[in-house]
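Taking it in order: structure first as structure tokens, then the write-up.
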Amino acid sequence: MASGYLLNRGALTLGIHCQRVCRDISLSQVREKKRWMKAYTYLMAKKLKLEGPPPPTPRSQQPHWDYHAEIQAFTHRLHENFSLELLKTAFINPCYLQMEQEKRKGLGVESETAALVLKDNMQLSKKGSAFAESFLIDWCRASFPSLPAIGVESIVGHLTSPAVITYVARNLGIEDLTMSAEFPVPDDVLCSTFMAVIGALQESSGAERTGLFLRDFLVTQLIGKDLFDMWTVVNPMGLLVEELTKRKIPLPEPRLIRSAGASTVLPLYFVGLYSDKKLLAQGPGETLAAAEEEAARVALRKLYGYTENRRPFDFSPQQQQQQPFIQSASN
């Protein structure tokens, strides 16, 4: 009895002490999210699912935008000396001028009193497109002298295709500076704007600087590209026979070099092309015909100098190229 009495008295004393301590400490309940946040988040997610994401807005309609400063920053990023007036004209598309005129007509503004003193980039685009095509043709003929005219046209067509031009233009930040009636800027408008920038650079800095610009940003898109990804050849063996006939080399003879899994679902054949008892090329394939075509493509790459293990393109500046010659001459 005495022990039970002492235990109850000790528990009562501890409870009174804890109560006094808790009175002195003020506890405030902290929640990571408010109660209304769950319902609000649910409604916003439901609205986004029904209405879809908001339409994208151009950078010019967002805060902290200075068009003149962005134009100057564009020239400094590319390390090119543009005429600012020509560069601004290169970014103005005819669809933008038409949209502005329609807006003014809708507001009742007379075209005579408040005329648009702007010029579109059509002339610069045509000039830049013509210069780019001629430069790329000359570069391909100088880099691959054995390549026929059809192959040169295919490479130039790939480099001036809308996919390549828009990829380069978007990575250079041209899309944010382009004045267009639609946003995102359509591919055809972006291509014409890029060609207009090339035309503005040609008039500002000359043909040499424009050629280096095209070499640095367009020709580099050939890195990692196979020749026959850009040039579609239906009959590679027939083309190989024509090329060997022009060079007065004996016609190729296909021979099966080795095979594996011929009786399985996934067979593999290696066919070699021999000319005058010399191995021209070899190629793999799931069938003998496919292996023969691949061997013909490998032989054509060797004839045209567009092999995978060819010497890399020399994109170094001219001053760096001349330094080794100057040092060797001085020694």
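May I ask you to compute the full-extension gain from VAL117 to LEU288, defined as 0.36 nm times their residue separation minus their alpha-carbon distance, rounded to one decimal in nm? Each step should come with its number before you reach the end.
On the way: separation 171, 0.36 × 171 = 61.56 nm, distance 6.71 nm.
In short, 54.9 nm is gained.
Non-local amide H neighbours of ALA281 (under 5 Å, H modeled in plane, Pro and chain starts lacking H): which ones?
Amide H neighbours of ALA281, under 5 Å, 5+ apart: LEU273.
Leaving out same-chain residues fewer than 8 places away, which lysines sit with a Cα under 29 Å from that of LYS47?
LYS33, LYS34, LYS38
Over region 233-304, give the accessible area per residue in Å² for a 1.4 Å probe, as an integer. Walk me through the numbers before you get to the answer.
On the way: 4350 Å² over 72 residues.
Accessible area per residue: 60 Å².
Summing +1 for each Lys or Arg and -1 for each Asp or Glu, what net charge is found among the other residues whose Cβ lies under 12 Å from the Cβ of SER143?
Details: positive: ARG141, ARG215, ARG310, ARG311; negative: ASP138, ASP314.
Result for the neighbourhood of SER143: +2.
Can you order the peptides 179-185, 145-151 by their average number of other Cβ atoms within 10 Å per residue, highest first?
On the way: 179-185: 17.6, 145-151: 14.1.
Top to bottom by mean Cβ count within 10 Å: 179-185, 145-151.
Take THR220 and GLN98, extend 7 Å from each Cα along the Cα→Cβ direction, and tell me the distance between the two endpoints in nm.
Placing both labels 7 Å beyond Cα along the Cβ direction yields 3.6 nm.
Hey, can you rank 190-199, 215-224, 44-53 by average C-beta count inside 10 Å, highest first? Please list the in-between numbers first.
Numbers: 190-199: 25.4, 215-224: 14.7, 44-53: 8.8.
The peptides rank, most packed first, as 190-199, 215-224, 44-53.
Using label points projected 7 Å from each Cα along Cα→Cβ, tell me how many nm separate ASN81 and ARG247, to one decimal.
Roughly 4.6 nm, to one decimal.
Can you list the lysines whose alpha carbon sits under 28 Å from that of LYS248, skipping same-chain ones fewer than 8 residues off?
LYS277, LYS278, LYS302
If you plug each phi of region 48-62 into the Karplus form 6.51 cos²θ - 1.76 cosθ + 1.60 with θ = phi - 60°, what whole-Hz ³J(HN,Hα) values come out, in order, with x for Gly and Pro?
Each residue's phi maps through the Karplus curve to give 5, 5, 7, 8, x, x, x, x, x, 10, x, 5, 5, 9, 9 Hz.
How high is the relative contact order of region 67-227, in percent, counting Cα pairs under 8 Å that sit 6 or more residues apart?
Working: 171 pairs, mean separation 57.6, N = 161.
It rounds to 36 percent for region 67-227.
Tell me the relative contact order for region 233-304 as a rounded percent, counting alpha carbon contacts under 8 Å between residues six or more apart.
Working: 125 pairs, mean separation 18.7, N = 72.
Over region 233-304, the number comes to 26 percent.
Between PHE183 and PHE313, with labels modelled 7 Å along Cα→Cβ, what's the label distance in nm to one decimal, could you check?
According to this spin-label approximation, the distance is 3.3 nm.
Of the listed peptides 248-261, 83-96, 201-214, what is their order by residue-averaged count of other C-beta atoms within 10 Å, with the highest listed first?
Working: 248-261: 13.1, 83-96: 19.1, 201-214: 17.6.
Result, highest mean Cβ count within 10 Å first: 83-96, 201-214, 248-261.
The values are calculated or read from the model by the stated rules, or taken from the named source; none is laboratory data. This one's a predicted model, so the numbers in the text were calculated from it and none came from an experiment. Using ideal geometry, Cβ is built from the backbone for each residue, glycine included, and neighbour counts are taken over all protein chains shown. Side chains included, ligands, DNA and RNA excluded: accessible areas come from the protein's heavy atoms. Shrake-Rupley method; radii C 1.70, N 1.55, O 1.52, S 1.80 Å.
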